[in-house]
Each structure stands twice: as C-alpha cells, then as structure tokens.
Amino acid sequence: MIKTGEKVIAKNRRASFDYHLGERFEAGLVLTGTEIKSIRASKADLKRAYARPDENGEIWLMDMHISQYEQGNRENHEPERKRKLLLNRREIFKIEKALIDKGVTIIPTRLYLKNGLAKIEIALATGKKNYDKRQAIAKKDANRQVQRSLKERSR
C-alpha cells in the first residue's frame, strides 16, 4: 500500500482491532513549523486521535500527540492541540453525511510524508463488539497455525 515518495511516520494499529474500517480518505494537515519538524523526526502518535466536524463545515483532528521540537524555543507548539484537516468540499460532505446516516466515527489510521508534505489517512469506522474482537483473534490464530504447518511441510 506504500507508494513511492511516502514515508510512514505513525500507524494506528489499534484502529483495525477496535473498529470496522470503511471508506478511507487522504487529508492534509495545517501545521506550525515546529510540528512538521517533529513529524519528520517521527515524534508523532495516533493512539487516542479522532476527528470530528465543526459547525463551519471543517473537519478537525483531536488528541493527536506531536512531541515538542527539541531545538524549539519558547514559540514551540502545544503537543495535543486540535489541527485542521485539509479535504475538498465533496469529501467533507460525504463524511458528514456518513456521520449522520450511518453513525460512524472518523479514525486516523496512519500519518505519513508524501513528497515532503504531511498527510493523514482517515477512515470512517464503526465500533466492534467484544465477540467481533474474539472472532478476529481466532481468525489470526488459525492463519498462524496454517502458516506454521505449511512451513513445517516445506522442510
């Protein structure tokens, strides 16, 4: 899935375990100078991050942690401030409609640099129930057992 010119900075591995991920969108981020420097140094975390629209038709990323830049001065950024996502009007309309109609949430799945610009992949997600999580674990275990048996046969 990684294309040329992309460097993955952070992944939200917990997202696919806790949510059924649906349609995905690529969005730009409005960042300050020290934030992009910290991202380039891989000092970002998506664990608790989520996105939500506001009344002005914009979508904001909440609770994404970007560590303060080590060489920054007193003008350094706040680590968990809300950040505006850059999407086109059609994508914002599609996301807002899904939020109202389907009752989904917006979860960031990965943060990456694409041709020098910070991009974030967001997905429309519905929460998994506990039995869904158990099924996912059982499926992974079964696949792992199959891979082991195939590996042993090939020896």
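Given the structure, is residue 81 free of Cβ contacts under 8 Å to residues at least 12 places away in the same chain and within 17 Å of the chain's Cα centre (by Cα)?
Numbers: free of Cβ contacts under 8 Å to residues at least 12 places away in the same chain: yes; within 17 Å of the chain's Cα centre (by Cα): yes.
Answer is yes for this residue.
Residues in segment 17-47 that are within 13 Å of the chain's Cα centre (by Cα) and either in a strand (DSSP E or B) or without any contact (Cβ under 8 Å) to a residue 60 or more places away in the chain (or both): how many?
Residues flagged as within 13 Å of the chain's Cα centre (by Cα) and either in a strand (DSSP E or B) or without any contact (Cβ under 8 Å) to a residue 60 or more places away in the chain (or both) within segment 17-47 amount to 13.
Confirm whether residue 125 is under 15 Å from the mean Cα position of the chain (by Cα) and aliphatic (A, V, I, L, M).
yes
Whether any residue in segment 52-59 is farther than 23 Å from residue 22 by Cβ and surrounded by 15 or more Cβ atoms within 10 Å (Cβ to Cβ) is what I want to check.
no
Just one of 125, 118, 142, 136 is surrounded by fewer than 16 Cβ atoms within 10 Å (Cβ to Cβ), small (Gly, Ala, Ser) and either in contact (Cβ under 8 Å) with a residue 60 or more places away in the chain or within 15 Å of residue 27 (Cβ to Cβ) (or both); which is it?
The unique qualifying residue is 136.
With respect to residue 41, determine if the residue is within 22 Å of residue 21 (Cα to Cα) and among the small types (Gly, Ala, Ser).
No, not satisfied.
Mind checking which residues of segment 33-58 are among the β-branched types (Val, Ile, Thr) and under 14 Å from residue 119 (Cα atoms)?
36, 39
Between a residue in segment 48-66 that is at pLDDT below 90 and any residue that is of a type in the set (Ser, Thr, Tyr) and buried (at least 16 other Cβ atoms within 10 Å of the Cβ), which pairs come within a Cβ distance under 6 Å, given they are 6 or more apart or on different chains?
As it stands, the answer is 66/38, since those pairs meet every condition given.
The values are calculated or read from the model by the stated rules, or taken from the named source; none is laboratory data. None of the values given here were measured: they were computed from a predicted structure. Virtual Cβ from ideal backbone geometry, glycine too; neighbours counted across all protein chains shown.
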